[in-house]
Amino acid sequence: MSEKFTIGVLTSGGDAPGMNAAIRAVVRTALANDLNVIGVMHGYEGLLNGEFKPMGPRDVGGILQRGGTVLLTSRSKRFQEPAGQRDAIRKMNEAGMDALIVIGGEGSMNGAHALSQQGIKVIGIPGSIDNDIWGTNIAIGTDTAMNTIMEAVDKLRDTASSHQRAFLVETMGRNSGYLAVMAAIVCGAEVALIPEVPITADEVAATVEDAYKRGKNHAIIINAEGSGIRTTDLAQRIDDLDVGFKTRMTILGHIQRGGSPTAYDRLLASRMGVKAVEALIEGKHGLMTGLKGKGIDFIPLGDVISNKRKVNMEYFHMAKVLAR
Ligand code: F6P
């Protein structure tokens, strides 16, 4: 077993563009400080199975600009159970892993906190297109997803306005309306349907009809996947009510999760990766890196998992005003 302090790094949950940039930053910062790094494959599932790979500087070459995660990922049910966590800790000990860096979303931070409670030195790095993690202004991957949505809606608007149609666009975000609200602002949508604000299909139809009567030649409606109204049902209802525009719909789906990370995400991921390793060197753990103002801060994992991030309603209202 190596004498050097050894850090494990894994990605977990839904992949997000920029995760590779974070892995690269973790590996190279650790190596620059004469530490060992072990890459854990397949997230927590690989941790409890002992799927480990020593990481050298060349193992993270050419990945900065790539979406997805070279360490692969999973949503591990077994790791949510105490028995799975015990297996993972045993495997970590056998491999001589002194600390772990977990890159992932809300569920991944729950896992990181569980390990931390059992004495493992853990630092979390928020990575999720949903931007639903409490404690950071923005997570790695959100900016890229936002840009993907924006490009798609810009294209849809071209055809929507040529045919004077209403286009319904479904964004990801499970329990969070963040992507939908921000998309409504940057794409100039009439209305955003989000899980946080209940609305009926008839109310949406009335908004679309109003836009028609105000002389708009197209309408964009953003529907967050967790809004409670299925995009197909909404399109049907708007058509049935004959509001002026005929409808078409596009479900963006996993397109939003892929692609080369934006400069913003590469920078954020690099900064967080460096800070995560530096924290471990300084003896800090049980924390998540978070963007606060312009700097990278550390937030206790216990706080991260016990708070729910809410959509900023100021932006929700702003989207409405700007749609006049
Ligand atoms: O958490 C990221 C996310 O993309 C959500 O927006 C979405 O609801 C979910 O993952 C989809 O998960 P899966 O890739 O397992 O279908």
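Output the qualifying pairs, or none if there are none: Cβ atoms under 7 angstrom, residues six or more apart or on different chains, first residue in region 225-241 and within 16 Å of the ligand (Cβ to nearest atom), second residue hydrophobic (A, V, I, L, M, F, W, C).
225/172; 227/193; 227/194; 229/193; 229/201; 231/168; 231/249; 231/251
Tell me whether region 78-99 contains one or more residues that are within 26 Å of residue 146 (Cα to Cα) and in contact (Cβ under 8 Å) with a residue 24 or more places away in the chain.
No, the conditions are met nowhere in region 78-99.
Can you tell which of 189, 152 is away from the ligand (no atom under 16 Å from the Cβ) and of a type outside the set (Asp, Glu)?
When all the criteria are applied, what remains is 189.
When you look at residue 69, is it within 16 Å of the ligand (Cβ to nearest atom), under 30 Å from residue 146 (Cβ atoms) and among the β-branched types (Val, Ile, Thr), yes or no?
In short, yes.
Taking region 68-91 only, how many residues are surrounded by 19 or more Cβ atoms within 10 Å (Cβ to Cβ) and outside any helix (DSSP H, G or I)?
4
Whether any residue in region 54-62 is farther than 25 Å from residue 281 by Cβ, within 16 Å of the ligand (Cβ to nearest atom) and under 24 Å from the mean Cα position of the chain (by Cα) is what I want to check.
Within region 54-62, none of the residues are farther than 25 Å from residue 281 by Cβ, within 16 Å of the ligand (Cβ to nearest atom) and under 24 Å from the mean Cα position of the chain (by Cα).
If the Cβ limit is 7 Å and pairs must be 6+ apart or interchain, which residue in region 248-273 that is closer than 28 Å to residue 223 by Cα and at pLDDT 95 or above pairs with which residue that is among the β-branched types (Val, Ile, Thr) and more than 16 Å from the ligand (Cβ to nearest atom)?
Short answer, once both residue conditions are applied: 249/232.
Looking at 320, 284 in this structure, which one is more than 30 Å from residue 22 (Cβ to Cβ), surrounded by fewer than 19 Cβ atoms within 10 Å (Cβ to Cβ) and in contact with a strand residue (DSSP E or B) (Cβ under 8 Å, 6 or more places away or on another chain)?
Step by step, each of 320, 284 is checked, and only 320 is more than 30 Å from residue 22 (Cβ to Cβ), surrounded by fewer than 19 Cβ atoms within 10 Å (Cβ to Cβ) and in contact with a strand residue (DSSP E or B) (Cβ under 8 Å, 6 or more places away or on another chain).
Filter region 3-48 for residues that are within 16 Å of the ligand (Cβ to nearest atom), touching a residue at least 40 places away in the same chain (Cβ under 8 Å) and of a type in the set (D, E, K, R) and give the result.
Residue satisfying the conditions is 15 alone.
Can you pull out every residue in region 10-25 that is under 19 Å from residue 138 (Cα atoms), among the aliphatic types (A, V, I, L, M) and touching a strand residue (DSSP E or B) at 6+ places or on another chain (Cβ under 8 Å)?
16, 19, 21, 22, 23, listed by residue number.
Considering only residues that are in a loop (DSSP other than H, G, I, E, B) and in contact with a strand residue (DSSP E or B) (Cβ under 7 Å, 6 or more places away or on another chain), which ones fall in region 92-123?
Answer for region 92-123, where residues must be in a loop (DSSP other than H, G, I, E, B) and in contact with a strand residue (DSSP E or B) (Cβ under 7 Å, 6 or more places away or on another chain): 95, 96, 97, 98, 105, 120.
Could you tell me whether residue 8 is assigned to a helix (DSSP H, G or I), within 24 Å of the chain's Cα centre (by Cα) and either farther than 18 Å from residue 278 by Cα or not hydrophobic (A, V, I, L, M, F, W, C) (or both)?
When the stated conditions are applied, residue 8 does not pass them.
Would you say residue 22 is assigned to a helix (DSSP H, G or I) and either modelled with pLDDT of 95 or more or of a type outside the set (Asp, Glu) (or both)?
The answer is yes for residue 22.
Being touching a Phe, Trp or Tyr at 6+ places or on another chain (Cβ under 7 Å), acidic (Asp, Glu) and more than 16 Å from the ligand (Cβ to nearest atom), is that true of even one residue in region 98-106?
Yes - at least one qualifying residue is present in region 98-106.
The values are calculated or read from the model by the stated rules, or taken from the named source; none is laboratory data. Computed from a predicted model, the values in this text were never measured in an experiment. Methodologically, a virtual Cβ is constructed for each residue, glycine included, from the backbone with ideal geometry; neighbour enumeration extends over all protein chains shown.
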